[in-house]
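The values are calculated or read from the model by the stated rules, or taken from the named source; none is laboratory data. This one's a predicted model, so the numbers in the text were calculated from it and none came from an experiment. Here Cβ is always computed from backbone atoms with ideal geometry, including for glycine, and neighbour counts include all displayed protein chains. Note: accessible area is taken over every heavy atom of the protein model, side chains too, but ligands, DNA and RNA are not part of it. Shrake-Rupley method; radii C 1.70, N 1.55, O 1.52, S 1.80 Å.
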Amino acid sequence: MNATRSEAEVTVPGVTAMRAQASWFLDQRTLPRHQATQLMGKDLREFLEHLIAHIELLATKRSKDDVPTNVALARVAEARRRMEEPEAEGLCGEVERVKSLARSVVSLCDHHDTLTGITVCLLCDHVIGDEAWVPFQRVCPSGAGLESGRVHQDCARTVSRSGH
């Protein structure tokens, strides 16, 4: 076993946690308090700064004609634009601004996974390595379509036994 882990492996827990945090914020059905919104915006912005730098580093190691890389870099530019937006007036406006940051986090986390070749189980949020996996599809928590991906075979068995 190697004594060191790759940079991509080290960042996965942060990516998984921030994807979950951003998704949670997007799925809120009531307006959060202003202070909670500001704190979430600060966390998302700081994470985007880290993730953008990492995606740009990954992009330097790939061909300039690589489509997934170019799509990721387009999303990086969009995230930067969103990060430059000033705080909005009123709670509703600020929540929408922070939701746009959350959408960038979710998008860039997905692009990070694509560029690193990492696949995360949709059920347990752990990396799928050499374990057996199965394709999986579920309704997005927000109800906006289907989420497709992979799950560990053991996780899939748990879901089928529980009837969900």
Out of LEU108, LEU73, LEU122, which single residue is open to solvent by 30 Å² or more (accessible area, probe 1.4 Å) and either modelled with pLDDT under 90 or not polar (S, T, N, Q) (or both)? LEU73
The number of residues in the stretch 21-32 that are open to solvent by 50 Å² or more (accessible area, probe 1.4 Å) and out of contact with any Ser or Thr (no Cβ under 9 Å at 6 or more places or on another chain) is 5
Considering only residues that are open to solvent by 40 Å² or more (accessible area, probe 1.4 Å) and part of a helix (DSSP H, G or I), look in the stretch 1-18 and name the one that is modelled with the highest pLDDT. ALA17
Has the stretch 92-103 got any residue that is outside any helix (DSSP H, G or I) and on the phi < 0 side of the Ramachandran plot? no
Could you say whether any residue in the stretch 41-63 is more than 30 Å from CYS121 (Cβ to Cβ) and loosely packed, with under 13 Cβ neighbours inside 10 Å? no
Kindly indicate which of PRO32, PRO68 is closer than 12 Å to HIS111 by Cβ and not hydrophobic (A, V, I, L, M, F, W, C). PRO68
Selection status of ASP130, assigned to a helix (DSSP H, G or I) and either surrounded by fewer than 18 Cβ atoms within 10 Å (Cβ to Cβ) or on the phi > 0 side of the Ramachandran plot (or both): no
Would you mind telling me which numbered condition in (1) over 29 Å from HIS34 (Cα atoms); (2) of a type in the set (Ser, Thr, Tyr); (3) open to solvent by less than 60 Å² (accessible area, probe 1.4 Å) THR114 fails? (3)
Tell me, yes or no, whether the stretch 134-144 has at least one residue that is open to solvent by less than 30 Å² (accessible area, probe 1.4 Å) and either hydroxyl-bearing (Ser, Thr, Tyr) or modelled with pLDDT of 80 or more (or both). no
Tell me which residues, restricted to the stretch 76-102, are of a type in the set (D, E, K, R) and open to solvent by 50 Å² or more (accessible area, probe 1.4 Å). GLU78, ARG80, ARG81, GLU84, GLU85, GLU87, GLU89, GLU96
